[in-house]
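Note sheet for the following structure.
The values are calculated or read from the model by the stated rules, or taken from the named source; none is laboratory data. Keep in mind that what you see is a predicted model, and the values were worked out from it rather than measured. Quick reminder, even Gly has a Cβ in these numbers, built from the backbone with ideal geometry, and neighbours come from all protein chains shown. We work out accessible area using only protein heavy atoms, side chains counted, and drop any ligands, DNA or RNA first. Shrake-Rupley method; radii C 1.70, N 1.55, O 1.52, S 1.80 Å.
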Amino acid sequence: MTTVEPVSLGIPELPARPIAERRVSRQIQVGPVAVGGGAPVSVQSMTTTRTSDIGATLQQIAELTASGCQIVRVACPTQDDADALATIARKSQIPVIADIHFQPKYVFAAIEAGCAAVRVNPGNIKQFDDKVREIAKAAKDHGTPIRIGVNAGSLDRRLLQKYGKATPEALVESALWEASLFEEHDFRDIKISVKHNDPVVMIEAYRQLAAQCDYPLHLGVTEAGPAFQGTIKSAVAFGALLSQGIGDTIRVSLSAPPVEEVKVGIQILESLNLRQRGLEIVSCPSCGRAQVDVYKLAEEVTAGLTGMEVPLRVAVMGCVVNGPGEAREADLGVASGNGKGQIFVKGEVIKTVPESKIVETLIEEAMRLAEQMEDDGVASGAPTVTTPGASGVVVS
């Protein structure tokens with residue numbers, strides 16, 4: 001085995017800079033989770049079970065909680081679902097939002113049940129405007145926030161006739177009109193969403209909305225599609241808006257298990273430095289220069305480090321062009337070639353090992369670094385808070 005003397009490269013630590021100053025908004029409380037007003041961007045999802053099946057719903061909420069979900073929404077289309085809300089809201093480890101369509105009576109049931117918030121879709125609730133006074137009073141009495149959730153697929157007919165289709169202007173007008181009705185009754189504990197399946201329309205709608213109100217905003221590309229397509233759409237749309245400081249909660253809508261929505265949402269926030277990064281594998285796409293099976297190496301390292309929560313960047317590189325540079329920049333890395341791998345820790349080469357020992361060595365060093373970071377009190381998965389009007393970040 002070739003021994004290589006460690007060489008200090010003096011690479012400075014890069015601060016976690018916010019991608020943009022957060023839009024200044026009022027703050028609401030969804031249970032214990034602060035939304036808006038400089039609070040961390042939170043990740044939401046929605047259960048796919050029948051809410052009336054309390055056991056199955058609580059089991060799925062537990063799985064979502066374990067994956068990092070911070071707020072969960074449950075459907076409430078029937079009286080049986082409404083009857084289950086109190087038990088679910090009480091036993092859930094994260095705040096529960098009731099999702100109400102068509103029947104305004106379920107809004108009151110959800111508030112009475114102790115849900116952390118209620119989402120209403122004014123476009124398909126019959127005579128919704130006539131019920132705003134009662135809803136505002138009940139919500140105020142119980143301290144329950146309301147999300148006004150405007151959706152392109154269920155826009156009020158009057159606005160469809162006015163604009164011809166679900167344009168950004170139509171979505172925004174619908175949301176602000178409903179908010180104004182609540183404001184007439186001195187209720188402003190509101191969050192707004194204006195969802196569309198086209199990221200371009202959705203982005204423009206949120207930009208217009210952000211400029212016309214100070215309510216916290218929930219981002220979503222509705223009916224985004226299967227996992228791959230939906231991930232791309234959501235990442236593009238959320239990235240465009242969050243890079244301008246717009247957005248306070250997010251939900252990645254995928255035709256996939258809800259846990260996958262949470263994973264994608266967390267990755268989007270980490271990529272934008274809106275949440276402290278956890279384990280990150282940096283690996284090359286491989287090419288004709290590679291002298292090792294990079295795909296296999298990356299997969300085996302990823303599998304070996306599954307569950308690690310400390311913010312550790314591991315580079316798995318397969319050639320001498322970009323490999324050494326990427327490996328130096330990471331906390332831990334390998335530059336592979338000629339049947340060997342140079343192992344880097346914090347920018348220094350600590351050893352050279354045979355190709356057969358690369359994965360084993362990387363996992364051992366990663367475990368050692370993780371233990372050291374935990375001993376040093378490095379937070380795992382803590383969200384990054386960008387305060388409005390500030391140039392720095394505060395980790396809370």
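Compute the signed sum of charges (Lys and Arg +1, Asp and Glu -1) over the other residues within less than 15 Å, Cβ to Cβ, of Phe182. Its environment carries a net charge of -1. Relative to the longest principal axis of the Cα atoms of the chain, the long axis of helix 358-375 lies at roughly 60 degrees.
Taken about its Cα centre, the chain carries a charge dipole of roughly 880 debye when the Cβ of each Lys and Arg holds +1 and the Cβ of each Asp and Glu holds -1. With the Kirkwood sum run over all distinct C-alpha pairs, the chain has a hydrodynamic radius of 22.8 Å.
Over all other residues within a Cβ to Cβ distance under 12 Å of Gln372, the charged ones net out to -4, with Lys and Arg as +1 and Asp and Glu as -1. Basic side chains Lys and Arg get +1 at the Cβ, acidic Asp and Glu get -1 at the Cβ, and with that the dipole of the stretch 279-376 about its Cα centre reaches some 560 debye. Per residue, the stretch 28-272 exposes 39 Å² of solvent-accessible protein surface, assessed with a 1.4 angstrom probe and all protein chains in place.
Under a Gaussian network description of the chain, with springs only between Cα atoms under 10 Å, the residue in Asn338, Asn273, Asn197 that fluctuates furthest is Asn338.
Have a look at Thr48, Ala139, Leu332 and report the one farthest towards the positive end of the charge dipole of the chain, computed about the Cα centre with Cβ charges (Lys/Arg +1, Asp/Glu -1). Farthest towards the positive pole: Ala139. Based on DSSP H segments of at least four residues, each scored -39500 (n - 2.57), the chain has a per-residue ellipticity at 222 nm of -12500 deg cm²/dmol.
In the chain, the longest principal axis of the Cα atoms and the axis of helix 294-304 are about 70 degrees apart. Under 5 Å between amide hydrogens, built in the peptide plane, is the criterion, and for Ser283 it picks out Val316 among residues at least 5 positions away or on other chains. Carbon and sulfur together cover what percent of the accessible area of the chain at a 1.4 Å probe radius? C and S atoms contribute 51 percent here. Per residue, the convex hull around the alpha carbon atoms of the stretch 13-104 comes to 134 Å³. Ligands, DNA and RNA are left out, and with a 1.4 angstrom probe the accessible area of the stretch 279-376 is 49 Å² per residue.
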